[in-house]
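Bear in mind that the values in this text are calculations on the coordinates, not laboratory data. Please read all numbers here as calculations on a predicted model, not as lab measurements. Cβ atoms come from the backbone with ideal geometry, glycine included; neighbour counts cover every protein chain shown.
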Amino acid sequence: MLDLLRQELRLPSILRTVTALAPGVTIFVLTNDPIYLKLCVVTVSLWAGVVRVSQSIWLLVGHATALALAMSALYLSLPYPYLFTALCSIGAFFRVYIARGGVHMRSLGDFTLLPAVYLACEIYAVDDGGPGSARAYLQTLDHFPVSVVSVVFTLLLWQGWVHWTAVGRHHPAVYGAAARDALVYVGRLRGITTGGRVSGPPDYDPASLARLHCWAVLVTGLWVTAVHLPHGQWAILSATAVITGDLRKLPLVLRDQIAGVVLGVAVAVMLIPFLKFSEAVYGLMMVGAALTAVAFSRVIVSAAAKALFAVLIAQAMGSGTRLGYERVEGVVAGAVTGMAVSLAIPSIVSFVRRRLGRRTEDIPG
């Protein structure tokens, strides 16, 4: 059982992420302001970026700025569904295209577009885009620095601990040296590395894969808008989740995504009668939902956990289990569309190129 948990859970990543979340959760306990729980997704996204790409405060600030701008653009475009779809498709393209700068740069794309879409839609849902929604949007932007400071604090703590354990824990001078080394390491201006290794090129063509993501989101967004599918952002996000660098893995990823969300919703529905929802439980569920982005090794487990927490949070907020069934509908629709587009686009492009080649040959010299 313990071996299975070690395989499924990324325990070191969970512990470090919980440390990054601790300041925000503490402020929530002291102030009882739910905005600090909603910022968990921002903190986790920024933390994942600096851990997977570069433990640098300059990259952190740039990532936070990009996330705030992307969230703002998507939020302001939500009254215009087709504009929102266009921006999502552009974001999906650059989410993958950024990997041209190194395979680990892809994490910056993932942890910018996905939380930006989620936050924009969640904020807009407050008061259905009315005055309450505008206040929630401004409040979220106003509290972004809390997440940045939390991540900086965790980086300094982490790097200080690394130095302390490497040099010797019992020497008094180690404390000052650890603090200085942590400040120098976190404040450096260059050196995009991951775990001490230079980020290498991906084993796929970022440009081709980025175009697939762009088309998948565009097609999904257009038909979701046309049929007025509830919570269409889940379909949009699922359309890109099934697309990997290896098209042979599409059926397996599709299976894991759909099976995971169905399993998560089913478990949530069974748990609801036995849970007594309170602010403390709501806080734990918000933290758990944020951790799902970094906690699990397998797609099916991650998808199940995300669906589970989404339904429980909706229940705590009075939305009932209806949200769970709508999430299943959105994930299935988006995943199937993403796979269909991934398989169709290469064939269509190849067919068009052959036709154009034949026409060029038929033109007399």
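How much length is gained on full extension from LYS276 to ARG353, taking 0.36 nm per residue of separation minus their Cα-Cα distance?
Result for the pair: 21.7 nm of gain on full extension.
What spacing in nm lies between the two simple spin-label points modelled at GLU329 and VAL149, each 7 Å away from Cα in the Cβ direction?
4.3
Can you tell me the length gained on complete extension of the stretch SER297 to TYR82, counting 0.36 nm per residue apart and subtracting the Cα distance? Kindly include the intermediate steps, with their values, before the conclusion.
Numbers: separation 215, 0.36 × 215 = 77.40 nm, distance 3.47 nm.
Answer, rounded to one decimal: 73.9 nm.
Under 23 Å Cα to Cα from LYS38, which lysines show up? Leave out anything in the same chain fewer than 8 places away.
In chain and number order, the partners are LYS276, LYS306.
Using the Karplus curve 6.51 cos²θ - 1.76 cosθ + 1.60 with θ = phi - 60°, work out ³J(HN,Hα) for each residue of segment 99-109 in order, rounded to whole Hz, and write x for Gly and Pro.
5, 4, x, x, 4, 6, 5, 4, 4, 4, x
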